[in-house]
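The values are calculated or read from the model by the stated rules, or taken from the named source; none is laboratory data. Not measured: the values here are computed from a predicted model. Note that we place each Cβ from the backbone using ideal geometry, even for glycine, and neighbour counts take in every protein chain shown. Areas reflect the complete protein model, heavy atoms only, side chains present, ligands, DNA and RNA absent. Shrake-Rupley method; radii C 1.70, N 1.55, O 1.52, S 1.80 Å.
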4 protein chains.
Amino acid sequence: MLGDFQVRTDLALEARESFEGDDVEIRGVRIEESADEEREIYTTVVRIETENGARLMGKPVGTYITLEAPNMSSEDEDYHREISEEVAKHVRTLLGKEERTVLVVGLGNREVTPDALGPDVVNHLRITRHIVKEYGRSSLKEKASPVSAVVPGVMAQTGMETLEIIRGIVRETSPQAVIAIDALAARSTRRLNRTIQITDTGINPGSGVGNHRDGINEETLGVPVIAIGVPTVVDAATIVSDTLEQLVDEKEDRQFFREKISPQLNTMFVTPKDIDETLKRVSYTISEGLNMALS
Amino acid sequence: MLGDFQVRTDLALEARESFEGDDVEIRGVRIEESADEEREIYTTVVRIETENGARLMGKPVGTYITLEAPNMSSEDEDYHREISEEVAKHVRTLLGKEERTVLVVGLGNREVTPDALGPDVVNHLRITRHIVKEYGRSSLKEKASPVSAVVPGVMAQTGMETLEIIRGIVRETSPQAVIAIDALAARSTRRLNRTIQITDTGINPGSGVGNHRDGINEETLGVPVIAIGVPTVVDAATIVSDTLEQLVDEKEDRQFFREKISPQLNTMFVTPKDIDETLKRVSYTISEGLNMALS
Amino acid sequence: MLGDFQVRTDLALEARESFEGDDVEIRGVRIEESADEEREIYTTVVRIETENGARLMGKPVGTYITLEAPNMSSEDEDYHREISEEVAKHVRTLLGKEERTVLVVGLGNREVTPDALGPDVVNHLRITRHIVKEYGRSSLKEKASPVSAVVPGVMAQTGMETLEIIRGIVRETSPQAVIAIDALAARSTRRLNRTIQITDTGINPGSGVGNHRDGINEETLGVPVIAIGVPTVVDAATIVSDTLEQLVDEKEDRQFFREKISPQLNTMFVTPKDIDETLKRVSYTISEGLNMALS
Amino acid sequence: MLGDFQVRTDLALEARESFEGDDVEIRGVRIEESADEEREIYTTVVRIETENGARLMGKPVGTYITLEAPNMSSEDEDYHREISEEVAKHVRTLLGKEERTVLVVGLGNREVTPDALGPDVVNHLRITRHIVKEYGRSSLKEKASPVSAVVPGVMAQTGMETLEIIRGIVRETSPQAVIAIDALAARSTRRLNRTIQITDTGINPGSGVGNHRDGINEETLGVPVIAIGVPTVVDAATIVSDTLEQLVDEKEDRQFFREKISPQLNTMFVTPKDIDETLKRVSYTISEGLNMALS
């Protein structure tokens, strides 16, 4: 979309915003916004409905729910509970009515702080599949879903595509749905650690901090895949490019500058200095949301 | 073997010793011992050759190599290199001549220190399968094996049997052999952290600190499974029972005492207070042995 | 007290119980028990009031509050909140009325799961001293205490006595009270991870899993020291000795057996296999209690 | 130096380079360069000799040794040993001839990957002070230094200035020298994880990823302080500013752009995506260097 230089965002919301003019209508894409001013939670639902919309947005057809919660990295526990409830509500909607067995996958690298969202979320999850297997369905509350979970690691640690690992486990254990948690890259630092994207399209190439090369989605796994992501980094090249963009008026000048950006920046990311504390709260909020939705 | 009360050991060496009289010959079981006095490494090979031997020993038919290295938990780096070389030698022998793709599995719970051997070993391993996939076979040394690895977690964390996870991954990625690393339970505290068992029988029910319920072996995975284990704990019930045994002469008295041992002790283990430092060295020694054998 | 062989307990409650006959009155020691049957929290206050009492009990003069909460390792969040409130109440009482600056010390070894209680508690604490220093006292709620915290590590990691580290920091930063958190050794496995001891006597020689050789108390630090401990281990020698004791009637037989117990067991401890999950909940419960008491 | 906007570097080498023209002579600053082409280790010694030089360079008077080792993040073990030897040599020179007791301080935040250098280095260090205290000086090799170590944590975790903690411990335990290890901020991404700076000036305000506000140096601690640092991050604002600088010719234009850079970028850093693997190797290399120098 931007020629040689790829401005990366994993947020459908930001892909939408990259079109000049906020009110441009994109065919095949529907947007609904709602604000809960009192609780300071802002929800945007982007529905990509056609292949044309998908092509324009650079994201697959599907529903992308974005919660923006400006205080998400603050310490207020009640506020976090409210966000957890929102997450639970949307997960339940996307999962559909009937109870299902669910495999939660914590993507990313637990050794790199901003990429540890997935492993951290799994760490606080209530795991119940083995209990149901041993004591029967009645050991859970009515409507609760038997939950299993795995932290597959990243390719440098495993030598395997994440998709290979997940697909092997799905085929062997037959969950009825997969929920994949991953750290995302945003375009704007303003969104880091205060935005949650929930989508029914799974995880698709180029997403996240690490390398999750192939899509983890209904097509590759054979069961519905809900993905929950939080942007924790901005690509270093993107941040330089975007700052330039704001400073330079002429289109050809921008192109000129972009070409000069060091390719080394593509192997780097930008993240806040207090990412450890922030991530602890955000991952706990998502775990709680999943625990509410599933048990 | 011991009636209601099960004295647990994962070491074939100790299973052998439990027969009264060191020189009792057990039909179907062959023992070879060798000592490298200079390097202070003692090797015992137990070969269980018949089903009768397997029944008597409580272990499957196969080869069990035990290295005893009294100073294994010391700081001497050269000594550790010598043990790594021994490990490498035996792994190469059990793997057989041709080069093979290998999946290393780090069993156990990384959150419980004496059960973290498997995850720690994987952490220091040279992972190469993805490099070979991208740059071709020639990116490795001649005879090196493309290596992948996974740390599946324990059932309380995943809700799945470890076997389900491994089997799924094996079916999807088709390694030609599996090497499973696991913390073991010994009968004698004297053996903790100074003994390495290498076997071609895989991991079998009841092994290790955690619950790895079903066998991880050639029968369940369809490819040869080498298991490497180090005893890091003794079952609490075993330690009480064995102390009693030493103190009481009459057989009926022993039986009487054993029945009185609190069943709660079966959920507990005994481990040395300095397990953190010791395990760091032992797991590094095994990683290096695998790196020598495979790359 | 037991001749050559030392049966170790860090719980005043258990020191009391070691006297034969539950209702023996020990001069200089007062006991109050209360039960909250509904919430299933049982409280015992042991007051050692004289040096004679201290000598008999093997613990310094002071107040020892023990909360027993049989379900403390269960998952029920509301139950944990109730225990946190009990902890907060007792900490507030022992700290006294006026607001104070408090240094919380997380003792123990974060690399050994059952010894990581102190570091884990500090990890979830609300730290405020630096905020008060920068934005003034009014940045906290009225009556809240500015809180600092440190995880000093154990001697094998630092080469220093824990007391040296703490005393240096206390002299430099002048807190008005110290709260030390530590994993304890109990005598009975039944008490592990379901008992919290809160005392105004600090930590004294021989306490805890690791080696905290010198007392961390008002005498050595110059400010009041509250210690909060949870038994997470039983000494291996203690467990063997106690089992024997139950089985053998005659006093001289007991003495005979005790002498035979392997001295190696003194370097080992016994802990439950699910210590990771249990500890996560218990340390969170204590952190919350401290956050309630101090902020 | 750059007006409102502060381009940050902790490397004396880069401070030197920021003067236009490589061969500008700065009064009070001496530079020596040497290259070991065969081993690919390049050494620059910057000596700031006068207060004038210090003012111009923005660094205190003292010696700054920089090792550049382009392959430092590669896997080659022999290469790492050579770098460790270089580190050991320089540390020995700066420590001076006589044997000394040394306190090693691992600065930074162990929860944030690129800031965990200090804690990681301490983790692999041979700690001996307590052994000497117990078994006497003869338990170490001749000329070895009794070593103690501490990981103080960062202010958000402790509520205390790092200096307060270190000074308290130094006063209590009286080491004859302090060696402080810290992650640094470089100006150029090209230097990340391949450069080691060793200086006798300690750590000074603004250094490192976290906030180590006051100097940790001979003046504040009363004993010589050697600092060893590796740049693991670039400040996000610096990277944007430097890219602009390369693109814009006119001085006033640069000033104009710099003023537009989002202040939010000052709370962010840039780091490579594979920082976990790289840091593991680099911190091990430095630990080994210290172990060689001190034991």
Could you name the residue in chain A with the C-beta closest to the rotation axis that superposes chain A on chain B, along with the separation in whole Å?
A:GLY168, 2
Given a Förster radius of 41 Å and the C-beta distance between B:ARG190 and C:GLU38 as r, what FRET efficiency does 1/(1 + (r/R0)^6) yield to the nearest 0.05?
0.25
Can you give the % of DSSP beta bridges in chain D that are antiparallel, to the nearest 5?
60
Spelling out what I want: for every residue of the stretch B:148-153, take phi, set θ = phi - 60°, compute 6.51 cos²θ - 1.76 cosθ + 1.60 (Karplus), and round to whole Hz; glycine and proline get x.
10, 8, 8, 10, x, x
Looking at the protein assembly as shown, what % of its DSSP beta bridges pair antiparallel, to the nearest 5?
60
Could you order C:PHE19, A:PHE256, D:PHE257, C:PHE269 so the one with the most accessible surface comes first? Probe is 1.4 Å.
A:PHE256, C:PHE19, D:PHE257, C:PHE269
Treat every Asp and Glu Cβ in the stretch B:12-294 as -1 and every Lys and Arg Cβ as +1, leave all other atoms uncharged, and give the resulting dipole magnitude about the Cα centre to the nearest 20 debye.
1200
How far apart are the D:PHE19 label points across copies, placing each 7 Å from Cα toward Cβ, in nm, shortest first?
5.6, 8.0, 8.3
Note down the net charge around A:LYS141, summing +1 for each Lys or Arg and -1 for each Asp or Glu among other residues with Cβ under 12 Å from its Cβ.
+1
Area accessible to solvent at A:VAL121, 1.4 Å probe radius, in Å²:
0
Peptide ranges B:229-235, B:171-177 listed from the most packed, as the mean C-beta count within 10 angstrom indicates
B:229-235, B:171-177
By DSSP, what percent of the beta bridges with both residues in the stretch B:39-174 are antiparallel, rounded to the nearest 5?
65
Within the set A:LYS97/A:LYS133; A:LYS280/C:LYS273; B:LYS280/D:LYS89; C:LYS59/C:LYS133, which residue pairs have Cα atoms separated by over 31 Å?
C:LYS59/C:LYS133
Distances in nm between the label point of D:PHE256 (7 Å along Cα→Cβ) and its equivalents in the other copies, shortest first, are 1.3, 10.0, 10.0
How many Cβ atoms of partner chains, on average, are near each residue of D:184-192 if near means within 10 Å of its Cβ?
1
Farthest towards the positive end of the dipole of chain D, among D:SER73, D:PRO152, D:GLY28 and with Cβ unit charges of +1 on Lys and Arg and -1 on Asp and Glu, lies the Cα of D:PRO152
Helix B:236-247 sits at what angle to the longest principal axis of chain B, using alpha carbons and giving 0 to 90 degrees rounded to 10?
40
Between copies, how far apart are the D:ASP214 label points? List them in nm, one decimal, shortest first, with each point 7 Å from Cα toward Cβ, please?
2.4, 5.8, 6.3
Under 20 Å between alpha carbons, and skipping anything fewer than 8 positions from C:LYS141 in its own chain: which aspartates and glutamates qualify?
A:GLU75, A:ASP76, A:GLU77, A:ASP78, C:GLU85, C:GLU98, C:GLU99, C:GLU288
Net charge, D:MET160 excluded, C-beta distance under 10 Å - Lys, Arg +1, Asp, Glu -1:
-1
Return the distance in nm (one decimal) between the two label points of a simple spin-label model at C:ARG81 and A:GLU98, each offset 7 Å from Cα along Cα→Cβ.
3.6
Suppose every K and R has +1 on its Cβ and every D and E has -1 on its Cβ; what is the size of the dipole of the stretch B:103-191 about the Cα centre, in Debye to the nearest 20?
420
Would you please give the residues with an amide H less than 5 Å from that of B:VAL104, counting only those at least 5 places away or on a separate chain, with H modeled from the backbone geometry?
B:SER148, B:ALA149, B:VAL150, B:ILE179
Taking a ≥ b ≥ c as the square roots of the Cα gyration tensor eigenvalues, with a/c under 1.5 meaning rounded and otherwise prolate when a/b beats b/c, else oblate, which class fits the protein assembly as shown?
rounded
Taking Lys and Arg as +1 and Asp and Glu as -1, residues besides A:GLU49 with C-beta under 14 Å from its C-beta add up to +2
If amide hydrogens are placed 1.01 Å from N in the peptide plane, which non-local residues have theirs closer than 5 Å to the one on A:LEU184?
A:VAL230, A:THR232, A:VAL233
With only helices counted (DSSP H, runs n ≥ 4, each -39500 (n - 2.57)), the per-residue ellipticity at 222 nm for the protein assembly as shown, to the nearest 500, works out to -10500 deg cm²/dmol
Which aspartates and glutamates does B:LYS260 reach when only Cα atoms under 19 Å apart count, and residues fewer than 8 places away in its own chain are ignored?
B:ASP4, B:ASP235, B:ASP242, B:GLU245, B:ASP249, B:GLU250, B:GLU252, C:ASP242, C:GLU245, C:ASP249, C:GLU250, C:ASP253
Can you tell me the orientation of helix D:275-294 relative to chain D, as the angle in degrees between its alpha-carbon axis and the longest Cα principal axis, to the nearest 10?
50
Check which residues have an amide H placed less than 5 Å from B:ILE41's amide H, if you skip close sequence neighbours.
B:ASP36
Kirkwood hydrodynamic radius (Cα pairs, Å) of chain A?
19.7
Can you grab the distance from the C-alpha centre of the stretch D:60-74 to the C-alpha centre of the stretch B:276-295, Å, no decimals?
30
For the pair C:LYS260 and B:VAL223, how long in nm is the line joining their label points, each one 7 Å along Cα→Cβ?
5.1
Post the alpha-carbon centroid distance, the stretch C:222-248 to the stretch A:24-57, in whole angstrom.
61
How far is helix C:77-95 tilted off the main Cα axis of chain C, in degrees rounded to 10, range 0 to 90?
80
